[in-house]
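The values are calculated or read from the model by the stated rules, or taken from the named source; none is laboratory data. What you see is a predicted model, and the numbers here were worked out from it, not measured in a lab. Using ideal geometry, Cβ is built from the backbone for each residue, glycine included, and neighbour counts are taken over all protein chains shown. Each accessible area value is taken on the protein alone, full model and side chains, heavy atoms only, with ligands, DNA and RNA left out. Shrake-Rupley method; radii C 1.70, N 1.55, O 1.52, S 1.80 Å.
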There are 2 protein chains.
Amino acid sequence: MEGYPSMSLPSFPPAVLRGFEFRFSGEKLLSASRRWQFFAAWKTHHRKMKNQAPAPQTVLYQPPILKGFLRNSSEFNYGVEAWEAYKRGSLSKDLIEEQKKVQEADLLIFQFPLYWFSMPAIMKGWMDRVLVQGFAHEFPNCYDSGLLKNKLALFSFTTGGSEEMYAKGGISGDIRYLLWPMQHGIMHFCGVKVLAPHICFAPEYVSEEKRKEMLIAWAQRLKTLWKEEPINCSPDWYFK
Amino acid sequence: MEGYPSMSLPSFPPAVLRGFEFRFSGEKLLSASRRWQFFAAWKTHHRKMKNQAPAPQTVLYQPPILKGFLRNSSEFNYGVEAWEAYKRGSLSKDLIEEQKKVQEADLLIFQFPLYWFSMPAIMKGWMDRVLVQGFAHEFPNCYDSGLLKNKLALFSFTTGGSEEMYAKGGISGDIRYLLWPMQHGIMHFCGVKVLAPHICFAPEYVSEEKRKEMLIAWAQRLKTLWKEEPINCSPDWYFK
């Protein structure tokens, strides 16, 4: 991060401070655009921002979600099998570990590059595998009464397209349209409240100066993140 | 498919008939809900619907997208590396094969279960890896002038939630909100025109009778699919 402003994470009272970071990237992306893979990570206590964290390899492979036998192999139902495995403690080890991290966290920050108007497949795989029924939701406990209802989430991402392209009348449409499936469909469904997204538009195409400003702005925001109110996660916020 | 209406694919004039099927599922989902993984597959000539097709394993792993050396390994840029690899013919073998199938097809039918308000990770991985710059788009050739501009696509999927939940005022919001990133953000971006989606709501929770009706309706639709006009893929279709 030569030439980049050094940032140490702001101090938070340890009591509130069990944020958790998820960091996703395709293949070797980490080694590559690590300049933009920056961001804050806290757990139990704040820790120093690292330049590079290990990629969650397990997510890359979408391995089986459970160990042992299926409940019903002739009429396989992914959701039900995962749910049952959760209840009997036989989910795959990596999922149990991921769920523990989520459980311990007050705030989930998802940092990722926007791929094809959504999260990269590897991150979607994390959602598909980790947010199992019984753990994250269990009908009728969804949306406001979702099982992760005392947590916050923040989607922080970089785009390829410019802010103009992602404006309301822009060719790619309002960026908020893209946030609905992620923020409402996943996080809100699990009861998680959502902070306003943090978006760095087209870092690849702006000046070095502008990129530094982006980093500084993020560092600034982190300092007062805990004072922020969640958005009102209803269609109005996304489509009005 | 015991007890289900037998369906043979309608005959199309061979000239127009180079549709291509993509079939996605998580892990063992195929063996499982194959009843709902039904759908039509054509290539060059129509072929009989198969009860079960091999899962595209390669997509499961998100393996490297190219063979040989990176153009710039110290400042890795996923998009640029894939683009360059495409141009010099050094994309991974599985991607080249997938691209060939796309190239030969007039119509792409994506059949999948809706996972977390979007496509399953494995299918997103296909999008992320296969629709490489140079092959599917190349600025300024995107949207209406995207490189796949003489093709059609159709998203056919099953949901967990009911039609009421996915109605405009419903708790999960209008189902069309979810189609924007997939239909507009991916297909339209590549120049592909989109036919109206085919949605089977909550097959898991409806009667056997209703499920049969769903299959029959799909079979019926397939008979006249080639006469359909694409939707007007603009914000109005999704958000009005």
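Matching residues to (1) surrounded by fewer than 23 Cβ atoms within 10 Å (Cβ to Cβ); (2) farther than 29 Å from A:Tyr205 by Cα; (3) among the β-branched types (Val, Ile, Thr):
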| residue | (1), (2), (3) |
| --- | --- |
| B:Leu70 | yes, no, no |
| B:Ser74 | yes, no, no |
| B:Trp83 | yes, no, no |
| B:Arg88 | yes, no, no |
| B:Glu97 | yes, yes, no |
| B:Met127 | no, no, no |
| B:Leu131 | no, no, no |
| B:Gly134 | yes, no, no |
| B:Pro140 | yes, no, no |
Quiz item: Conditions: (1) buried (at least 16 other Cβ atoms within 10 Å of the Cβ); (2) closer than 20 Å to B:Ser145 by Cβ; (3) out of contact with any Ser or Thr (no Cβ under 9 Å at 6 or more places or on another chain); (4) within 14 Å of another protein chain (Cβ to nearest Cβ). B:Gly185 meets all but one. Number of the miss?
Solution: (3)
Self-check item: Filter pass, A:Glu163 being farther than 24 Å from A:Ser92 by Cβ, of a type in the set (Asp, Glu), more than 8 Å from chain B (Cβ to nearest Cβ) and open to solvent by 20 Å² or more (accessible area, probe 1.4 Å)
Solution: yes
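One line per residue, one yes/no per condition, for (1) within 25 Å of B:Val132 (Cα to Cα); (2) part of a loop (DSSP other than H, G, I, E, B); (3) of a type in the set (A, V, I, L, M, F, W, C):
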position	(1), (2), (3)
A:Asp128	yes, no, no
A:Asn150	no, yes, no
A:Ser162	yes, yes, no
A:Ala167	yes, yes, yes
A:Gly170	yes, yes, no
Self-check item: Number of the exception - B:Pro230 against (1) in a helix (DSSP H, G or I); (2) over 21 Å from B:Ala167 (Cα atoms); (3) in contact (Cβ under 8 Å) with a residue 24 or more places away in the chain
Solution: (1)
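Any idea which of B:Leu178, B:Leu225, B:Leu215 is in contact (Cβ under 8 Å) with a residue 60 or more places away in the chain, away from every other protein chain (no Cβ under 14 Å) and within 16 Å of the chain's Cα centre (by Cα)?
Of B:Leu178, B:Leu225, B:Leu215, the one residue that is in contact (Cβ under 8 Å) with a residue 60 or more places away in the chain, away from every other protein chain (no Cβ under 14 Å) and within 16 Å of the chain's Cα centre (by Cα) is B:Leu225.
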Self-check item: Tabulated pairs, region A:71-93, first in a helix (DSSP H, G or I), second polar (S, T, N, Q), C-beta under 7 angstrom, 6+ apart or interchain
Solution: A:Gly79/A:Gln133; A:Ala82/A:Gln133; A:Trp83/A:Gln133
Quiz item: Regarding B:Leu66, is this residue surrounded by 24 or more Cβ atoms within 10 Å (Cβ to Cβ), of a type in the set (A, V, I, L, M) and more than 30 Å from B:Pro203 (Cβ to Cβ)?
Solution: no
